[in-house]
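None of the figures in this text is laboratory data; all of them are computed from the coordinates on show. Note that this is a predicted model, so its numbers are computed, not measured. Every residue, glycine among them, receives a Cβ derived from its backbone with ideal geometry; neighbour counts consider all protein chains shown.
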Amino acid sequence: MRKVVFKMSVSIDGFVSGPNGEVDWIFRSNGRDVLESLVNLIRQAGAHAMGSHTYYDMAAFWPYSASPLAEAMNKVPKIVFSRQGIKDGTKVDATTRALADARRDSIGQQSVTPTEAVLESWAHPTVLSGDLAEEVARLKEQTGNFILAHGGARFAQSLIATGLIDEYRLVVHPVALGRGLPLFSGLQKPLDLRLVSSTAYSCGVVGQVYHPA
C-alpha cells in the first residue's frame, strides 16, 4: 500500500493563487534551497497526480525547461484525473495563467529541446475518470513509492475533501495575497492535522509537513 503526499505552495494567508489565477508570487519568493528540497522529494515519488488544467500547464512547460526541477518532473510517471478525458498535452493549448507566470519567470534561461521519451511521458499519462475517492483508494492499494499530488486548486480542494491524503507538504511563501483562491475552502468540517516538521529556508519560505491527526 502506498501513501498519497499532497504538495502545494500557499501564501501565508492560505491562498494558492491570486483572484485571477496569478502564481507569480511563488516564483519571486523561491530560493535555491527550496528547489533542492523539491527535487529530492520529486525523485522519490512513484507518480505525479494532478488535475487536467495542471496537466496541460506542466506538459507545455517541463519538457522545455532548464529548471533544476525539470529532470525529476519529466521522469516520474504522470496520473491525470479528468472526467472528460484529455488530449495530448504537448500539442493542445488549454493552459492557464500559471503557465504564463512560469514562462515569465524563466525568461533568460536556456530552452531545452526535449527527447522523444520526455514528450511521450507527457503525451500519454495514465488518465483516471471515475469517482475521485474511489480512484485514489485504488491507487493507494498498489505497491510502489508514494503518489505526489499537485494542483490545480480545484483538484486539490476535491482531493482534500476525500480524506485520503496521508501527508500534507505545504510550501508557505512569505507573501499575503488578501484575496484569491483558498486551499481549504471546500471542507465540510474542520480538518485536524499534526505538525511533523517545519523547515525555514533562506528566502523566507517555510516548508511545513503535516499528517492527519
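Observations on the structure shown:
- Semi-axes of the equivalent ellipsoid of the stretch 136-213 are 23, 17, 13 Å, computed as sqrt(5λ) over the eigenvalues of the C-alpha gyration tensor in descending order.
- Nearest-0.05 FRET efficiency for SER185 and LYS87, computed from C-beta distance (R0 45 Å): 0.95
- By the count of neighbouring beta-carbon atoms within 10 Å, fewest first, LYS78, LYS140, LYS87 end up ordered LYS87, LYS140, LYS78.
- If R0 equals 41 Å, the separation of the Cβ atoms of HIS124 and GLU36 corresponds to a calculated FRET efficiency of about 0.85.
- Shape analysis of the stretch 1-122 places it in the rounded category; the axes a ≥ b ≥ c from the Cα gyration tensor give an a/c below 1.5.
- For the stretch 169-213, the square roots of the Cα gyration tensor eigenvalues, ordered a ≥ b ≥ c, give a/c of at least 1.5 with a/b no greater than b/c, which places it in the oblate category.
- With a Cα cut-off of under 29 Å and a minimum spacing of 8 residues unless on different chains, the lysine pairs in the stretch 4-212 number 14.
- Long-range tail of P(r) for the stretch 60-213 (Cα pairs > 20 Å, %): 61
- Percent RCO, i.e. relative contact order, over the chain, from Cα pairs under 8 Å lying at least 6 residues apart: 37
- Convex hull volume per residue for the stretch 12-78, taking Cα atoms only, in Å³: 116
- Charge sum, other residues only, whose C-beta stays under 12 Å from GLY151's C-beta, Lys/Arg counted +1 and Asp/Glu -1: +1
- Efficiency of FRET between ARG28 and LEU195 - r from beta-carbon atoms, R0 30 angstrom, step 0.05: 0.65
- Label point 7 Å beyond Cα of SER202 along Cβ direction - residues of the stretch 25-53 with amide nitrogen under 18 Å: 27-40
- The stretch 17-89 and the stretch 141-212 have their alpha-carbon centroids 15 Å apart.
- DSSP bridge analysis restricted to the chain gives an antiparallel fraction near 40%, rounded to the nearest 5.
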